[in-house]
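The values are calculated or read from the model by the stated rules, or taken from the named source; none is laboratory data. Just so you know, these numbers come straight off a predicted model, no measurement behind them. For neighbour counting, all protein chains shown are included, and Cβ atoms are generated from backbone atoms with ideal geometry for every residue, glycine included. Ligands, DNA and RNA are excluded from the accessible area calculation, which covers all protein heavy atoms including side chains. Shrake-Rupley method; radii C 1.70, N 1.55, O 1.52, S 1.80 Å.
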Amino acid sequence: MARAKRHYLPGQVWHITHRCHKKDFLLKLKMDRQRWLHWLYEARKRYGLTILDYTVTSNHIHLLVFDDQGRDVIPQSVKLVAGRTGQEYNSRKNRKGAFWEDRYHATAIQTKQHLLRCIVYIDLNMVRAGVVSHPSEWQFGGYNEIQKPRRKCVLIAYEKLAELSGFSSCHAFQKSHKEYVDEALCNVDRRQAWWSESIAVGDESFVEIIKHRLGLRSKGRKVKEAGESYQLREDAGIYIANSDPKNCNIDRYMTLLAWDNCVNTEL
């Protein structure tokens, strides 16, 4: 079974998706979703993980992060969150075996408008699933935290989120975020799989640069239009994820060399 590819590009926004083993509903209980969020908070404190958005569903998670703390922060954070969540569940259920499917999948997201659209996609996950009619009704997602920032147990880096989305203040971002969500609710059934099934999503130039940087790894992968964006398509069989600690680090043979100094997060 093919494994999800993860390519390291410093200074990028990453949309991480991670499914439960065999797509089972192992996160169906409120307590298990809360524990995942608890360990996400611990990862933020322990490693300095920069979190931009998240949603925990009954059988998978979405996590939007910014790589500004060094190469190991994201894989170590996922290892902690996914590993501890699975361990606690198996211990409580007297269960053995994998909690997550193979590797988590990571998609590089261009900043500004593309990032904002990705956030809306993540926020509307449970609306598309028919569980709630508005993201504010789902307490295990980032929508409410964005609209009503916390003073305690803060997960989202509000100022960094606003900056990367192209806004001068958190208030301006919140207003636009709400408007985008309200607009998207009118066409919520539209499938936008590119946000979680691609190597990269952004404008054509951004995606072409990533393809070029991949070199031989980009062979056979095509740049295609995706809604109002472009995507670099992943090979067939991706999006299979796992929190087994031995699989969670970004492997050397799957790693892209660091960007040249001339390449920045605005690509």
| Would you say Asn144 is touching a helix residue (DSSP H, G or I) at 6+ places or on another chain (Cβ under 8 Å), surrounded by fewer than 24 Cβ atoms within 10 Å (Cβ to Cβ) and not in a strand (DSSP E or B)? | yes
| query | On the given criteria, is Arg92 out of contact with any Phe, Trp or Tyr (no Cβ under 7 Å at 6 or more places or on another chain), basic (Lys, Arg) and either in contact (Cβ under 8 Å) with a residue 12 or more places away in the chain or open to solvent by less than 30 Å² (accessible area, probe 1.4 Å) (or both)? | reply | no
| remark: By residue number, the members of segment 44-67 that are outside any strand (DSSP E or B) and free of Cβ contacts under 8 Å to residues at least 60 places away in the same chain are Lys45, Arg46, Tyr47, Gly48, Leu49, Ser58, Asn59, Asp67
| field | Which numbered condition Tyr180 fails, given (1) without any contact (Cβ under 8 Å) to a residue 12 or more places away in the chain; (2) within 16 Å of Gly142 (Cα to Cα) | value | (1)
| remark: Matching residues in segment 7-43 (crowded, with 17+ Cβ neighbours inside 10 Å, part of a loop (DSSP other than H, G, I, E, B) and of a type outside the set (A, V, I, L, M, F, W, C)) number 3
| remark: Taking segment 100-135 and keeping only residues that are open to solvent by less than 10 Å² (accessible area, probe 1.4 Å), outside any strand (DSSP E or B) and among the aromatic types (Phe, Trp, Tyr), one is left with Tyr104
